[in-house]
Amino acid sequence: MFESQLNLVVDPYDTVHSSLVIHLSGEFDKIGLTSIRDKLEVALSGFTGKYLIFDIAELNFINSEGIGYLIGVYTHVVNIGGIFCIVGAKAHVQDVFETLGLWNIIKHPASIEACYTN
Amino acid sequence: MNFFRRSFAAKVFGTLFVLGVLLVSGLLIAKNIYGYSVIDTAWVLYGLVGLFVLLMLFFWIQVSRPLKAIIVQMEALITGHEYKKFFTDRIDEVGVIAHFFNEITRNLHKFTGKLAEGERMANELDIASKIQRDILPVAAPQVPGLIISAKTRPAAEVGGDSFDFLTVKNATYMYIGDATGHGVPAGIVMTIVNTLVYAYAETSQNLLELMVNVNRHLKKRIQKTLFMSMLMLKWDYMTKQMSFVGAGHEYILIYKAKSGLCEAIPSGGIALGMVEDNSKIIKETVLPFEEGDMVILYTDGIVECRDMSGQLFGVDRLKSAIAKYASQYSPELTIQKVASDVGTFMNGHGQDDDMTLMMIKHVGDQKVEQSKLSLATTWTEA
């Protein structure tokens, strides 16, 4: 049974890699975004590290609202000289990213560890 | 004293008490001075009548007159005429009614103000919706060698789906696009893109350059969370060649008449507005498009619509429906049949996103009786 809401877990800042890992699960649509926006923006507001990684292994659905938000975050991270990665996308979520051409600009290694080596 | 100010009943009984004391005192004084009996004299009756008259006068001044004034203003309020507020320092029941009336009318002012604001916003949304409808073509064009049909159904007042056709020199450009979400922001993005397409279609050397120019100017003008996927086709009359450039849109579907199958080709590229320069990411591709074949463009509102159990319609169902109908029907009727299948699948589930379908059939040199074509872009189900 899929989770119908969007949940967010933010790992403690990793000082070794200067990275912040955010785990998203559930459905990333307008309703989901509204429910986590404040928490997400608190997590991102002070981010000045090198890697911002979204682990979406448990994300079951994403639509253009969710993509739009991630693109906004991507642009911000790139503008401050950081590296934005998405890891663990399920096949049908991968399709959405691929269809929109996002893999042309966003790094999507196989694992979180691989973000640091690529 | 405050007790008498707060309660009208206390006032009445207090007044009655005072008047009663005055009456009894008067009668006792009359008896002592003039020797009248308190019991059997008519003066008692005169006194009672006088007391009653005074009481009525008091009641009229304190209750009837102010209540009548309040009722007159209430009637004015109810019948939509001009009404006035009450200025009173009374805190008894009449004062409470007057304050209550003032409070209601003040809240009513706020409420009617919000209603007027809501009405103004609804009017502006209507205007935005009309502007968008005016931008979308009301009919598909008549293009040599092709039969084109397109239908759209927005989910909100202002949709994010867009499509259009324009002819420049020996070519017709046809595009379908889907801006982030729907509603006013999506409508604004599609309006900008539509304007840019018209602006650059004349001056761009080819399809690729057109899409690069549109993206570059769009990116400068929209928020970083907004974007628009697009698929642009170009039909060259002279070479009878169909080419396309994808910008992060859904699959381009092609129904092959010879095999009776519907194939899905990834559109590729990246959605407009995501990067400043898309020239290295998008590319122009020639479609394998032969006589009898049909190219189908759609937006995600079709494949992402859900049934009551939450299941998606999906690309495979769309391909199957097209393969089933395209061999028997014209593009117009094929769209109607597919729309009907989508409606049956949803089975009462609400429409979450805009839906647009465009079908283009290659008819070669075959003469098409244009009067038999229904080119209207309004979505209908068979």
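None of the figures in this text is laboratory data; all of them are computed from the coordinates on show. Remember, predicted model here, so these are calculated numbers, not experimental data. Neighbour counts are summed over all protein chains in view; Cβ atoms, including those assigned to glycine, are modelled from backbone coordinates with ideal geometry.
Stretching B:SER327 away from B:ALA10 to a fully extended chain increases their span by 104.9 nm, per 0.36 nm per residue minus the current alpha-carbon distance.
From the gyration tensor of the Cα coordinates in the protein assembly as shown, what semi-axes in whole Å does the equivalent ellipsoid have, largest first, with each one equal to sqrt(5λ)?
Numbers: eigenvalues 1135, 202, 78 Å².
They are 75, 32, 20 Å, listed from largest to smallest.
Rounded to the nearest 5, what is the percent of antiparallel bridges among the DSSP beta bridges in the range A:1-106?
Numbers: 5 of 19 bridges.
Taking every DSSP beta bridge within the range A:1-106, about 25 percent pair in antiparallel fashion.
Compute the FRET efficiency between A:HIS92 and B:GLU291 as 1/(1 + (r/R0)^6), taking r as their Cβ-Cβ distance and R0 = 35 Å, and round to the nearest 0.05. Mind showing how you got there, number by number?
Numbers: r = 36 Å, r/R0 = 1.02.
Computed FRET efficiency for A:HIS92 and B:GLU291: 0.45.
Bridging of B:LYS324 to lysines at a Cα separation below 20 Å is possible for B:LYS151, B:LYS256, B:LYS258, B:LYS337, B:LYS361, once same-chain residues fewer than 8 apart are set aside. Placing unit charges on the Cβ atoms only, positive for Lys and Arg and negative for Asp and Glu, gives the range B:241-313 a dipole magnitude near 120 debye about its Cα centre. Note on B:LYS280: aspartates and glutamates with a C-alpha under 12 Å away, same-chain residues under 8 apart excluded, are B:GLU209. Summary of packing: across the peptides B:131-138, A:39-46, the per-residue average of other C-beta atoms within 10 Å ranks them, highest first, as B:131-138, A:39-46.
Per-residue mean of other chain beta-carbon atoms within 10 angstrom of the beta-carbon, peptide A:65-75?
On the way: counts 4, 1, 7, 12, 3, 1, 10, 4, 2, 2, 5.
Partner Cβ neighbours, averaged per residue: 5.
Output the relative contact order of chain B, whole-number percent, from Cα pairs under 8 angstrom with separation of 6+ residues. Intermediate results must be reported in sequence, preceding the final value.
Details: 628 pairs, mean separation 62.6, N = 382.
So the answer I get is 16 percent.
With a/c under 1.5 counting as rounded, go ahead and sort the range B:163-319 into rounded, prolate or oblate using the C-alpha gyration tensor (a ≥ b ≥ c being the square roots of the eigenvalues; past the cut-off, prolate if a/b is larger than b/c, else oblate). It is oblate, given that a/c is not under 1.5 and a/b is not larger than b/c.
May I ask for the net charge around B:GLU276, where only other residues with Cβ less than 10 Å from the Cβ of B:GLU276 are counted and Lys, Arg are +1 while Asp, Glu are -1? Around B:GLU276, the charge tally is +2.
A simple spin-label model places pseudo-atoms 7 Å from Cα toward Cβ; at B:GLN205 and A:ASP11 they are separated by 4.8 nm. The distance from the alpha carbon centre of the range B:210-241 to that of the range A:20-54 is 30 Å, rounded to a whole number.
The C-alpha atoms of chain B define a longest principal axis, and helix B:43-59 lies at about 20 degrees to it.
Counting, for every residue in B:224-235, the Cβ atoms of other protein chains within 10 Å of its Cβ and taking the mean gives 3. Shielding by partners for peptide A:94-101, expressed as the average number of C-beta atoms from other protein chains within 10 Å of each residue's C-beta, is 6. The modelled label-to-label distance between B:GLN366 and B:ASP126, using points 7 Å beyond Cα along the C-beta direction, is 4.5 nm. Using all alpha carbons of the range B:91-241, what is the percent of pairwise distances in each 5 Å bin, ordered from the shortest bin to the longest? The percentages, shortest bin first, are 2, 8, 15, 15, 14, 11, 7, 5, 4, 4, 4, 3, 3, 2, 2, 1, 1, 0, 0.
Partner aspartates and glutamates whose Cα lies under 15 Å from the Cα of B:LYS84, excluding those fewer than 8 positions away in the same chain, are identified as B:GLU75, B:GLU103. In this label model, B:GLU75 and A:ALA110 are separated by 8.8 nm, measuring between points 7 Å along each Cα→Cβ vector.
Under 1.5 on a/c is rounded, so check that first for chain B, then, if it is not, pick prolate when a/b is larger than b/c and oblate when it is not; a ≥ b ≥ c are the square roots of the alpha carbon gyration tensor eigenvalues. Don't jump to the answer; show the numbers that get you there.
Values: a/c = 4.99, a/b = 3.90, b/c = 1.28.
The shape class here is prolate.
Hull volume per residue, based on the alpha-carbon atoms of chain A and their convex hull, is 97 Å³.
Rounded to the nearest 500, the 222 nm mean residue ellipticity of chain B from helices alone is -15000 deg cm²/dmol, with -39,500 (n - 2.57) taken per DSSP H run of at least 4 residues. Each of B:LEU226, B:LEU218 was scored by other Cβ atoms within 10 Å of its Cβ. Arranged with the fewest first, they read B:LEU218, B:LEU226.
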